[in-house]
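Let me begin by presenting the structure, written as structure tokens, before commenting on it.
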Amino acid sequence: MKTLAWILAFPLLMSIMSRAQSAVPASSSPDAAAQPRMFFPRDMFWGWAQLDLAPPHNEIDPNLCAGNAGQYGGVNAPCSMFARYMLSGMLEVRPFGRGQLRRFMVFGAPSLLLGKTIPQTLYTWSPDAIGIEHSWGVGIFIAKGFEFRVTQHFLFDRLGARDTNLGVADLGNNGPWGRYMTVGVRKSFGTRRW
């Protein structure tokens, strides 16, 4: 709990201290005020969030239960981790506003899966928590929309009562692809109209 408090308090203290750095002295030129702050610029966060709904007979399969899980208990089968809802997102943090370090970023991309369905056996609209799949990484903007990225994908974290072995149909917590790391290049293009 103390670690969590420090994790939350540290960015708050840093943002308060960066406010003092961003104050413009009375004798400075107007050009100095137009430059972004060195640490924690105003536009340091960028991201998106998305809520997906999978209709009946098209459930999201995080590969935690065998596709024939209904054969091991019917509608009462313990392994019912096929999702109806998925809440996902991406957050990029660019903590530096000037110099070469402004190209550096840290990002995270979690996906929360919810639901309780068993293919061809049980179709519900239940929002029972299944688990979280998450990844994080670092990137460096190269030039002309290209970024170099290193991403770490973690194992699927099960939530609540589903954090145990759920019988014969349980495939383990490797999730769709297991744990892996990637090194890649991303190209961004175009400009949004809004």
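Coordinate-derived values only; no laboratory data. Since the model is a prediction, treat every value here as computed from it, not as a measurement. Please note: Cβ atoms are built from the backbone with ideal geometry, for glycine as well, and neighbour counts cover all protein chains shown.
Tabulated results
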| quantity | calculated |
| --- | --- |
| Summed residue charge, Cβ within 15 Å of residue 45's Cβ, Lys/Arg positive, Asp/Glu negative | +2 |
| Most to least packed among 42-51, 60-69 [average Cβ atoms within 10 Å] | 60-69, 42-51 |
| Value of relative contact order over region 41-187, rounded to a whole percent, pairs C-alpha under 8 Å and six or more apart | 23 percent |
| Ranked packing of 98-111, 130-143, most packed first, by mean Cβ within 10 Å | 130-143, 98-111 |
| Sum of side-chain charges, residue 107 neighbourhood, beta-carbon under 11 Å (Lys, Arg +1; Asp, Glu -1) | +1 |
